[in-house]
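In what follows, a structure is listed as structure tokens, so that the remarks can point back to it.
Read-outs throughout are calculated quantities, based only on the coordinates presented, and are distinct from any laboratory measurement. This one's a predicted model, so the numbers in the text were calculated from it and none came from an experiment. A quick note on method: Cβ atoms are made from the backbone with ideal geometry, for glycine too, and the neighbour counts reach across all protein chains shown.
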């Protein structure tokens, strides 16, 4: 087990280096980032332009800039926002609770809804129940998040006036954004639960458990579902990463004060240091979630510990 954990930790470090490299390098894809930040260079003299490049450190080699930025980032120093004039790390951390709240509520809704759907579809394979649930799952995967959010706002916010259409506060505020984000995960997770359970249902130990006279419910929950959890847990971990990173559109539609909305606003302001900080911190959160999911394998499946 210790070898497995050490290997996963080393892989995580490599992924983090890759993530930070991509996050930092994206600012240089169109050339000198000074041009992007300033916009209209006619407003500045050549001396002011060069002074700004020097102050931002863009006159140094890219690799030197990256290593310097990485060294500061390790200490939690992501620079100062050009628009807000505040510490970038502090700005992101102030918005992170809202993003995490939205992601975890969406994930909870996804798990609570998708597991029963997938289990019922697997048990009733080939029946109208299976067909109907899988058609609903296919539809859920096809609906764009932004369209679904707008429809929720029009129906439940404008027409029926049951729920607020923007902001953060009570449970009513988070309901529409969370469901909008969760619909895709519900559909995908339900299909995965069904697929994994169908694969396990044909195993010899399941037939043996039934031959011993065990009731169907213990067979499904104790023998089938637990052994079908490995791919499902992987997908749930990826779903959480999707919920964290894919919340930009939803947070913008519902004016949810999270990191996604902050990032989009920073792009509009051409505040690239803040964009770097937001993207990097969200990506690191995603990597950490995947690491936790990998470590959960050792709890769910003893064979991982033995390997």
Distance-filtered residues of region 131-151 - backbone nitrogen under 18 Å, label point 7 angstrom along residue 162 Cα→Cβ: 148-151
With a 10 Å Cβ neighbour count serving as the proxy for reagent exposure, in which order, fewest first, do 256, 69, 147 appear? 147, 69, 256
Under 8 Å for C-alpha pairs, at least 6 residues apart: give me the relative contact order for the chain, rounded to a whole percent. 27 percent
Potential lengthening between residue 128 and residue 214 on full extension [0.36 nm per residue; Cα-Cα distance subtracted]: 28.3 nm
Report, to the nearest 10°, how far helix 46-56 tilts away from the longest principal axis of the Cα atoms in the chain, using its own Cα long axis and a range of 0 to 90°. 40 degrees
Shape call for the chain, from the Cα gyration tensor axes a ≥ b ≥ c (a/c under 1.5 means rounded, otherwise prolate when a/b beats b/c, else oblate), comes out oblate
Provide 294, 77, 271 in ascending order of the number of other Cβ atoms located within 10 Å of each residue's Cβ, fewest first. 77, 294, 271
In Å and on Cα atoms, what radius of gyration and Dmax does region 96-268 show? 18.7, 65
Can you tell which of 63, 119, 253 shows the greatest fluctuation in a Gaussian network model of the chain with Cα springs below 10 Å? 63
Give me the angle, in degrees from 0 to 90, between the Cα long axis of helix 128-142 and the longest principal axis of the Cα atoms of the chain, rounded to the nearest 10. 0 degrees
Going from the fewest other Cβ atoms within 10 Å to the most, one would list 269, 205 as 205, 269
To the nearest 10 degrees, how steeply does helix 272-300 sit against the main Cα axis of the chain, on a 0 to 90 scale? 20 degrees
